[in-house]
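Student: Handing you this structure, nothing more for now.
The values are calculated or read from the model by the stated rules, or taken from the named source; none is laboratory data. Because the structure is a prediction, the values reported are computed rather than measured. Virtual Cβ from ideal backbone geometry, glycine too; neighbours counted across all protein chains shown.
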Amino acid sequence: WKKDEFRNCNQTPFCKCARTRTPHSLPRLIVSDLLISDGHLTAHLQPSLSSEDDVSAGDTPHPRPLVLRLSVYQDGILRLKIDEDYSAPSAPSKQRFEVPDVVLPDFEDRRLWLPRVSSTEDGSISSLYLSDGFEVVLRHDPFEIQVRRKRSNDPIISLNSHGLFEFEQLREKKEGEDWEERFRGHTDTRPHGPQSISFDVSFHGAEFVYGIPEHASTSLALRATRGPGVDHSEPYRLFNLDVFEYLHDSPFGLYGSIPFMLSHGLKGSAGFFWLNAAEMQIDVLAPGWDDSAAAGNDRIDTFWMSEAGIVDTFFFVGPGPKDVLQQYASVTGTLAMPQEFAIAYHQCRWNYRDEEDVATVDAGFDEHDIPYDVLWLDIEHTDGKRYFTWDRVLFPNPEEMQKKLAAKGRHMVTIVDPHIKRDDSYYVHKEATDKGYYVKDATGKDFDGWCWSGSSSYPDTLNPEVREWWAEKFSLKNYGGSTPSLYIWNDMNEPSVFNGPEISMPRDALHFGGVEHRELHNVYGLYFHMATADGLLKRGNGKDRPFVLSRAFFAGSQRHGAIWTGDNSADWDQLRSSVPMILTLGLTGISFSGADVGGFFGNPEPELLVRWYQLAAYYPFFRAHAHHDTKRREPWLFGERRTALIREAIHIRYSLLPYYYSLFRKASISGIPIMRPLWLEFPEDKKTFDNSEAFMIGEGILVQGIYEEGQKSVSVYLPGEQSWYNMRNGAAYSGGQTHKLEVFEDSIPSFQKAGSIVPRKYRFRRSTTQMANDPYTLVIALNSSLAAEGELYIDDGKSYDFEQGAYIHRRFVFSNGKLTSSTIHSASLREKKFSSSCTVERIILLGLPSGAKKAVIEPGNHETEIEPGPLTLRGGASSVALVIRKPNVRIADDWTIKVL
Amino acid sequence: ATPIPNKQLLGIDPQDLSFYKSNVIKCKDGSKKFAKELLNDEFCDCPDGTDEPGTSACPEGKFYCQNAGHTPIKIFSSRVNDGVCDCCDGSDEYNSNANCTNTCWEAGKVAREKLKKKIETFKEGLIIRKEEVEKANKAYAKDEADLAKLKSDEKVLKELVQKLREQKERIDKLEEEERLKKEKEEKSLREEEEKSKEQEIKADETQNFDTMDNHEQDGSTGNLDIAVESGNDNMVESKKASTQTAEQHVGEGHDDTLESSDGISQDGEISSYEVPKQDQDDSGSTEELSREELGRLVASRWTSEGADQTTDKIGNVEEDLMDQDSSVAHEHKGYTSETDDDREKDDDDDDNFEDDRDDEFEDDHSSSDASYIADEYEKPDPLDSIEVSSPTWLDKIQQTVQSVLQAFNFFKTPVNVSDATHIRKEYDDTSSKLSKMQSRISSLTEKLKRDFGKEKEFYFFYDQCFESKQNKYVYKICPFKQASQDEGYSNTRLGSWDNFEESYRVMVFNNGEKCWNGPDRSLKVRLRCGLKNEISDVDEPSRCEYTALMSTPALCLEDKLKELEKKLEQMNTRKPQGHHDEL
């Protein structure tokens, strides 16, 4: 952690200045010229002039009004845009940057046509219909936007309630004025001068706010950064940065940025998203920050500052937390459905050095009966960090190497970073130079920065033509040594520039269309990720789902692939912070995410490594990775006992793959993450709101991490009214209570919720590929009324045929002593079919009173036995449940099984 | 008991068949019993896999493939019907899409050939090993005898040195008295002369100093030259002050060594203090860097290779430190070896020096020194056998000393210069003999303390180094001493001898040079049976943790040979029907 290398708020003029402002100290903004046009509400915003100004109004030019536009979308979404009035006579020649490609193209189709606006008699307030039960209220003087419940008039979210709205309009440079900014020897020319925006947003009825990744923290709920009780804190910074050895708890910005915040409390949830890719700083204000005597506990005020761009904000009314996530997903999209292999276990290291090393590691997994699906190659596999090439001494036959892995159903991932080596004999560089595809420096020359490849330039992937070109590089023909089983990893795409300001690109670098880097910095990584994923999509003729892991991200990155939390360290605190970090990513759309197992920097103690595997087996993205200075840490290097423990942890993930895959499908449709904070499932249980240690996988599984060395016992809060079944030994625990549990070496506490059905596979293979035809086990945890339900989604795990209906989607319901499997296949999608001959080999019933001996299967009136059995098939496992033996029904069919 | 149907036989080790005969079968872990019809019924009843040897139903199960024509193996149940052919007879894929052909005969043939070759190697190796062990034990016994002899000789020599020292001190005292007296007399005479000549002398001295300085800067041989010159100077210059020559010389040499080793440790300390400083200290200073330098600097945090890669001059504190660090490290390396060289050459020169004056012991001396100098681990024996085994040399010394001592007349004043010189020389010679003998004793003691294996089969490793060239590096492994990685003139210490591991199958070298941002380097050499001592496959699987393979007859063990022969026998007896083994 090189603190001095990064700008803090005080070293950042727009942040320093905005942060010192007090409520209502700026000139009031007044709404005028309000009208409905094209189904939007538009108006002007004009600063009020104090009487003094009126008198002296001679030489100071009258400020241009701002243009405000309100639009309403289906399901309770309000969009507020505020920008310069480019039609005004003194309008600036430069357009401020509006982030394209993040909002889904079909979002506009969901816009509600506003027929009219109703105003109060005195004209001081206008209101708009938002959705059933919610409305938007626009106060004219001073300007304020409020989303509120219709009948009770209870506000939910409001903007500018504290009069902190400030919009620095573009203007001509005055004589003698110095716009340059300097930081640690770097000079930002700032040719367009100050252009920052800041405003306050209040979440009413909120007890906690969450979101705005990426920050490392051991707390899921965002802590106050300013106000009473806060000593001194930086605001939460959103600025994509490559931070060396980041701290486990800090508001400083990391690799990605999503300016989306959610609030939650007993009164409901709400969300606010500011589509802006410039540097952003966000304060969470402690109650009483504005010296108001009535510091209520039911409101959280926040203060948002950005260096450039426009106001393009989205208000989500909820009212439930899942509603907010779905509303946000309808703007920025849901995760791209990954291939099945991608959600299994990945083995990575900087670096697997050569083909022999790859073969040895691959063999090691087989030798120790540990499944894995993907072997990764880091930067050293290339010829001098020229991506798309191979070090032919170390990797003389890359195709053959990949084919050997593929023969066992395994895949490979290679790294492709955005820094292109400035070497005229390197075709990528030559083409990019010739075609003018690089980002330019402030003088218009190709920007030349230093990264792994030495002197490097960066493709300007903001330009669709450049993305097209970049995507072509991934064709099997262009990428020599690649095969169809090779997928991609994008690292360093913040972008990381070793000799740039804050290890990144200068803000005055120029992109396509004259856009300054400062305006799009946070979205650069997304564009690079997008272009790479497009490349893999093209490579497979649109039939093979891409897999691209990226470090940098922005709102919408979920549509392009997986994200990981970057270069973490091998210590217990970082194990702990991985959970809130991944949960936060999930809440802000990035459901497919994980942290490096074991910690990237440093050598984990074996106990930490084992605990990390046990926790990470539940991460949506499950990959082990390590820095090249660390000791080898393949799972079998720590003695037989540890090998067995790690094998078991990885087996747990593989056994749950049917459940995970179904959750991925759900997330790809709804935007509800795979790994969830407890309060997402138990929104009315206050005790869950600030829990950062435990999480849910889907609706049925609760996991509590073990974050301390040698921990002997742990307190686990199990929410809700139903019981929970310990997944290790089947023991039942009542809900709504905190249980003190003994901690075991062999697993971390995990529970299945009574009332849920979890589909699993209890056969272990080398990789997911060999599991395709294996039979299922259904684990049914009955609730107090002896009922349960669950789902299973299956498709070919690879193609897009599911979009034409080639999938199996089952719903399982257990009630009245009968388990029923029925289809929930969308009837409108029947163009293609997916069939499976898989059967159910075992049904485990937890919570069924003993006495059942037989089950009758319909159709066929076929009987099978019920007998006591274990929860897992491990040596020493004892009988803790009733097991229906070999019902052997086909997973694709409709059937019922009655317990007698 | 009913016979077991064929399908149920799947995956069962023939040795286990009887276990599965009864109608109710126990799980091997004792957890429960199951009816025979549940054997291989694709449902896991015993968590240990007893009931599903032929299917993938139990995760802890093992599947036995017969592999007729090759070696039978047991595979994890996870491989059964997984679409990948794991058994060469294809029996693991009896119900999958995989189209496995039986490759056992071909594969078995190759394996048998390989095994036969291996057995041949073991047989031959075993013979070599026996010879070596015999030789080693003899040599070891001789070492022990030599050591005993050396120790008793040491005693005698010590006494002689003691006597000579006493005499010498007496002479010193007498001479000192004479000198003081003479000085007094000359003082008044000289005072006048000095006054007039003062200027000239001063100029001369300065000149002398300059020459000395130049010598010092000559590099590795500088010290040596000075030592020799000053020795010679003294010889020529002062008949009168020759008293201190030899002693001074010895003293000087000693000091030199001390100094240089001090220097090293200081440098070492400095660098280790400065590494952490780098981390904290870079605020502000990066501003003066060129853009490329800054890029390299930041990159080096992740790679830890920055120091090596940064060859350009870098006007920055941080990089400077890093460079210094690496150059210190290099110097350190160079220094150590140079110091070694110095010492050797010093010895050499000692000899020459002595030889110039006295060739009485020339033969003994130079030859014994040569074997010593040629370095502990390059020549077979650091101790000169002639010297140790010849009883005469010690007698000779004794006689000489005796005669010298007797010849000296203490009552004659002034002291007879030639006699005094004689005594002094004899003292110097004898005490240097003693110190050499003592160093031989200590090195031999050191050697004999080593663990040379159960049968002393590694005895001859002690004085040998083994080299292997891999790409640009030459790996030099000196068992019981150290291992290094050499690239051109730079060499990196991979580790010092630690011990054997895994009952003499692995040689461990630890505490090598520290990796920047990483662990201390270390090396593990895995030994295997071979006809020659040869290093191969040096590897660095984890950063700065090296591994190597070494074949040696020392590992060609009888037990292992028997094991291999048994294995071959088994392979040959398990021919599938219809095949004739041409062996």
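Student: Being surrounded by fewer than 24 Cβ atoms within 10 Å (Cβ to Cβ) and touching a Ser or Thr at 6+ places or on another chain (Cβ under 6 Å) is the filter here, so list the residues in the stretch A:579-613 that pass it.
Tutor: Selection gives A:601, A:602, A:603.
Student: Restricting to the stretch A:1-29, what's the tally of residues that are surrounded by fewer than 18 Cβ atoms within 10 Å (Cβ to Cβ) and more than 30 Å from residue A:186 (Cα to Cα)?
Tutor: Residues meeting the conditions: 7.
Student: Is it fair to say residue B:88 is more than 44 Å from the chain's Cα centre (by Cα), crowded, with 21+ Cβ neighbours inside 10 Å and on the phi < 0 side of the Ramachandran plot?
Tutor: yes
Student: Can I ask one more? So which pairs qualify, if the first residue must be in the stretch A:625-642 and within 13 Å of another protein chain (Cβ to nearest Cβ) and within 13 Å of residue A:609 (Cα to Cα), the second must be crowded, with 19+ Cβ neighbours inside 10 Å and of a type in the set (A, V, I, L, M), the Cβ gap must be under 6 Å, and the two must be at least 6 apart or on different chains?
Tutor: From the stretch A:625-642, the pairs are A:633/A:626.
Student: Which condition number in (1) within 14 Å of chain A (Cβ to nearest Cβ); (2) surrounded by 17 or more Cβ atoms within 10 Å (Cβ to Cβ) is the one that residue B:471 fails?
Tutor: Looking at each condition in turn, residue B:471 falls short on (2).
Student: Next question. Residue under question is residue A:394, and the condition is that it be within 14 Å of chain B (Cβ to nearest Cβ), part of a helix (DSSP H, G or I) and surrounded by 18 or more Cβ atoms within 10 Å (Cβ to Cβ); does it hold?
Tutor: Judged against the criteria, residue A:394 is not a match.
Student: Among helices (runs of 4 or more DSSP H) lying entirely in the stretch A:631-731, which contain 2 or more residues that are of a type in the set (Phe, Trp, Tyr)?
Tutor: Correct list: A:657-670.
Student: Residues of the stretch A:609-630 being part of a helix (DSSP H, G or I) and of a type in the set (Phe, Trp, Tyr), which ones?
Tutor: A:612, A:613
Student: Among B:489, B:427, B:462, which is modelled with pLDDT under 90, within 23 Å of residue B:548 (Cα to Cα) and touching a helix residue (DSSP H, G or I) at 6+ places or on another chain (Cβ under 9 Å)?
Tutor: B:489
Student: Out of (1) within 14 Å of another protein chain (Cβ to nearest Cβ); (2) touching a residue at least 12 places away in the same chain (Cβ under 8 Å); (3) within 27 Å of residue B:117 (Cβ to Cβ), the odd one out for residue B:539 is which?
Tutor: Exception for residue B:539: condition (2).
Student: What number of residues within the stretch A:107-147 satisfy the criterion of being modelled with pLDDT of 95 or more, of a type outside the set (A, V, I, L, M, F, W, C) and outside any strand (DSSP E or B)?
Tutor: So the answer is 3.
Student: Determine whether the stretch A:751-767 contains at least one residue that is within 14 Å of chain B (Cβ to nearest Cβ) and without any contact (Cβ under 8 Å) to a residue 24 or more places away in the chain. Before you say what the answer is, go through the steps one by one.
Tutor: Residues of the stretch A:751-767 that are within 14 Å of chain B (Cβ to nearest Cβ), as a first pass: A:760-767.
Applying the additional criterion that residues be without any contact (Cβ under 8 Å) to a residue 24 or more places away in the chain yields A:763.
Checked against the condition, which is being within 14 Å of chain B (Cβ to nearest Cβ) and without any contact (Cβ under 8 Å) to a residue 24 or more places away in the chain, the stretch A:751-767 yields at least one hit.
Student: Can residue A:469 be described as part of a strand (DSSP E or B) and in contact (Cβ under 8 Å) with a residue 24 or more places away in the chain? Steps first, please.
Tutor: Working: part of a strand (DSSP E or B): no; in contact (Cβ under 8 Å) with a residue 24 or more places away in the chain: yes.
So residue A:469 does not fit the description; no.
Student: Quick one: which residue in A:662, A:670 is away from every other protein chain (no Cβ under 14 Å), of a type outside the set (Lys, Arg) and either surrounded by fewer than 21 Cβ atoms within 10 Å (Cβ to Cβ) or closer than 18 Å to residue B:78 by Cα (or both)? Explain how you work it out, then say what you get.
Tutor: On the way: A:662 fails: either surrounded by fewer than 21 Cβ atoms within 10 Å (Cβ to Cβ) or closer than 18 Å to residue B:78 by Cα (or both).
Selected residue: A:670, the only one of A:662, A:670 that is away from every other protein chain (no Cβ under 14 Å), of a type outside the set (Lys, Arg) and either surrounded by fewer than 21 Cβ atoms within 10 Å (Cβ to Cβ) or closer than 18 Å to residue B:78 by Cα (or both).
Student: Look through the stretch A:868-885, keep the residues that are surrounded by fewer than 20 Cβ atoms within 10 Å (Cβ to Cβ) and within 9 Å of chain B (Cβ to nearest Cβ), and return whichever of them is farthest from residue A:727 (Cα to Cα).
Tutor: Taking the candidates together, the pick is A:885.
Student: Okay, next question. Residue pairs, Cβ under 9 Å, 6 or more apart or interchain, first in the stretch A:356-377 and more than 9 Å from chain B (Cβ to nearest Cβ) and under 22 Å from residue A:416 (Cα atoms), second assigned to a helix (DSSP H, G or I) and among the hydroxyl-bearing types (Ser, Thr, Tyr). List them.
Tutor: A:373/A:768; A:373/A:769
Student: Go through (1) at pLDDT below 95; (2) under 35 Å from the mean Cα position of the chain (by Cα) and name the single condition residue A:64 misses.
Tutor: Going through the list (1) at pLDDT below 95; (2) under 35 Å from the mean Cα position of the chain (by Cα), residue A:64 breaks only (2).
Student: Next up: Within the stretch B:480-583, which strands (runs of 3 or more DSSP E) (wholly inside it) include 2 or more residues that are of a type in the set (S, T, N, Q)?
Tutor: In the stretch B:480-583, the matching strands (runs of 3 or more DSSP E) lie at B:482-487, B:490-501, B:506-511, B:534-542, B:545-552.
Student: Looking at the stretch B:56-79 only, could you name the residues that are facing another protein chain (nearest Cβ under 9 Å) and assigned to a loop (DSSP other than H, G, I, E, B)?
Tutor: Passing the criteria: B:56, B:57, B:58, B:59, B:60.
Student: I'd like the residue in the stretch A:673-700 that is in contact with an Asp or Glu (Cβ under 8 Å, 6 or more places away or on another chain) and acidic (Asp, Glu) and, out of all such residues, is nearest to the other protein chains (Cβ to nearest Cβ).
Tutor: Ranking the qualifying residues of the stretch A:673-700, first place goes to A:699.
Student: Residues of the stretch A:500-510 being in contact with a strand residue (DSSP E or B) (Cβ under 8 Å, 6 or more places away or on another chain) and either surrounded by fewer than 22 Cβ atoms within 10 Å (Cβ to Cβ) or not small (Gly, Ala, Ser) (or both), which ones? Walk me through how you get there before you give the answer.
Tutor: So in the stretch A:500-510, the residues in contact with a strand residue (DSSP E or B) (Cβ under 8 Å, 6 or more places away or on another chain) come out as A:500-502, A:505-510.
Scanning the stretch A:500-510 gives A:501, A:502, A:505, A:506, A:507, A:508, A:510.
Student: Continuing with the same structure: When you look at residue A:244, is it modelled with pLDDT of 95 or more, of a type in the set (Phe, Trp, Tyr) and out of contact with any Cys (no Cβ under 7 Å at 6 or more places or on another chain), yes or no?
Tutor: No; evaluated as a whole, the condition is false for this residue.
Student: Pull up the stretch A:768-791, narrow it to residues that are over 30 Å from residue A:711 (Cα atoms) and among the β-branched types (Val, Ile, Thr), then point me to the one that is nearest to the other protein chains (Cβ to nearest Cβ).
Tutor: Taking the candidates together, the pick is A:769.
Student: Considering A:567, A:534, which residue is surrounded by fewer than 24 Cβ atoms within 10 Å (Cβ to Cβ), assigned to a helix (DSSP H, G or I) and either touching a residue at least 24 places away in the same chain (Cβ under 8 Å) or among the charged types (D, E, K, R) (or both)? Before the answer, list the steps.
Tutor: Values: A:567 fails: assigned to a helix (DSSP H, G or I).
Being surrounded by fewer than 24 Cβ atoms within 10 Å (Cβ to Cβ), assigned to a helix (DSSP H, G or I) and either touching a residue at least 24 places away in the same chain (Cβ under 8 Å) or among the charged types (D, E, K, R) (or both) holds for just one of A:567, A:534, which is A:534.
Student: Given the structure, is residue A:493 within 14 Å of chain B (Cβ to nearest Cβ), touching a residue at least 24 places away in the same chain (Cβ under 8 Å) and part of a loop (DSSP other than H, G, I, E, B)?
Tutor: no
Student: Out of all the residues in the stretch B:384-421, which are in contact with a Ser or Thr (Cβ under 7 Å, 6 or more places away or on another chain) and either of a type in the set (Ser, Thr, Tyr) or at pLDDT below 75 (or both)?
Tutor: Answer for the stretch B:384-421, where residues must be in contact with a Ser or Thr (Cβ under 7 Å, 6 or more places away or on another chain) and either of a type in the set (Ser, Thr, Tyr) or at pLDDT below 75 (or both): B:384, B:386, B:387, B:421.
Student: Identify, by number, the condition in (1) closer than 30 Å to residue B:86 by Cβ; (2) away from chain B (no Cβ under 14 Å); (3) buried (at least 24 other Cβ atoms within 10 Å of the Cβ) that residue A:481 doesn't meet.
Tutor: With respect to (1) closer than 30 Å to residue B:86 by Cβ; (2) away from chain B (no Cβ under 14 Å); (3) buried (at least 24 other Cβ atoms within 10 Å of the Cβ), residue A:481 is out only on (3).
Student: Just one of (1) within 25 Å of residue B:71 (Cβ to Cβ); (2) surrounded by fewer than 21 Cβ atoms within 10 Å (Cβ to Cβ); (3) away from chain A (no Cβ under 14 Å) trips up residue B:530, so point out which.
Tutor: Against the list (1) within 25 Å of residue B:71 (Cβ to Cβ); (2) surrounded by fewer than 21 Cβ atoms within 10 Å (Cβ to Cβ); (3) away from chain A (no Cβ under 14 Å), residue B:530 comes up short only on (2).
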